[in-house]
Amino acid sequence: MKKVMVIMGSDSDWKTMQKSVAVLKEFGVDFEVHVSSAHRTPEKTVALVENFEGACFVIGAGAAAHLAGVVAAHTTKPVIAVPLDSGALHGLDALYATVQMPSGVPVATMAIDGAKNAGLFAVQILALNDGGLAAKLKAYKQKMKDEVEVKDNKIKELLEEV
């Protein structure tokens with residue numbers, strides 16, 4: 001069974017949203033990906049949501065960014081939104097539309113184009129009930145810490161040369 005459904009409003013969103021998919025693949029999480037529009041294919045969007053048996057959704061949308069809200073309106077599962085930089089307002093319109101969900105319709109909102117973090121947040125949700133995934137997350141965070149230490153030591157070495 002696919003655990004995460006990634007939906008984007010247009011195939012042009014793939015360049016950003018593939019970062020979520022890369023994270024899910026890295027952690028071995030089963031997922032599916034769809035293009036569906038809150039405005040152009042609302043019936044398809046609702047059918048995808050209502051028929052999904054997995055754990056959570058990662059949604060990418062730009063401009064008015066209604067897709068995450070539509071998904072959240074039709075499920076009790078966590079919805080993680082990625083506001084996309086897709087127009088003249090460079091994603092601010094999508095960010096504002098996404099974070100201003102009405103009371104009772106929660107949507108976790110990442111940064112503009114924050115698809116990598118959306119994938120990681122989905123992994124964190126799944127890791128609540130999966131010890132193996134939790135261990136992978138712990139190792140991932142340790143690797144990040146180790147990388148910072150390597151960079152810190154490199155800077156210290158460069159300072160000695162000044």
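The values are calculated or read from the model by the stated rules, or taken from the named source; none is laboratory data. It should be emphasised that the depicted structure is a prediction, and the values quoted were computed from it without experimental measurement. Positions of Cβ are backbone-derived with ideal geometry, glycine not excepted, and every protein chain shown enters the neighbour counts.
If you go through the range 94-106 and pick out every residue that is closer than 13 Å to VAL79 by Cβ and surrounded by 22 or more Cβ atoms within 10 Å (Cβ to Cβ), you end up with 1.
Given the structure, is ALA55 at pLDDT 95 or above and within 22 Å of ASP13 (Cα to Cα)? Working first, answer last.
Details: at pLDDT 95 or above: yes; within 22 Å of ASP13 (Cα to Cα): no.
So ALA55 does not fit the description; no.
Suppose we filter the range 95-123 for residues that are in a helix (DSSP H, G or I), closer than 25 Å to VAL29 by Cβ and over 11 Å from the mean Cα position of the chain (by Cα); how many remain? Adding up the residues that qualify gives 1. ASP152 passes every criterion in (1) of a type outside the set (Phe, Trp, Tyr); (2) within 30 Å of LEU95 (Cβ to Cβ); (3) free of Cβ contacts under 8 Å to residues at least 40 places away in the same chain apart from (2). Within the range 1-26, being closer than 20 Å to ALA134 by Cβ and surrounded by 19 or more Cβ atoms within 10 Å (Cβ to Cβ) holds for LYS3, VAL4, SER20, VAL23, LEU24.
Residue-by-condition table, conditions (1) touching a Ser or Thr at 6+ places or on another chain (Cβ under 8 Å); (2) at negative phi:
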| residue | (1), (2) |
| --- | --- |
| THR98 | yes, yes |
| ASP113 | yes, no |
| LEU128 | no, yes |
| LYS145 | no, yes |
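Only residues that are modelled with pLDDT under 95 and crowded, with 24+ Cβ neighbours inside 10 Å were counted in the range 58-92, giving 3.
With the requirement that a residue be outside any strand (DSSP E or B) and among the hydrophobic types (A, V, I, L, M, F, W, C), what does the range 3-43 give you? Full working, then the answer.
Let us first name the residues in the range 3-43 that are outside any strand (DSSP E or B), namely 3, 9-30, 36-43.
Result: TRP14, MET17, VAL21, ALA22, VAL23, LEU24, PHE27, VAL29, ALA38.
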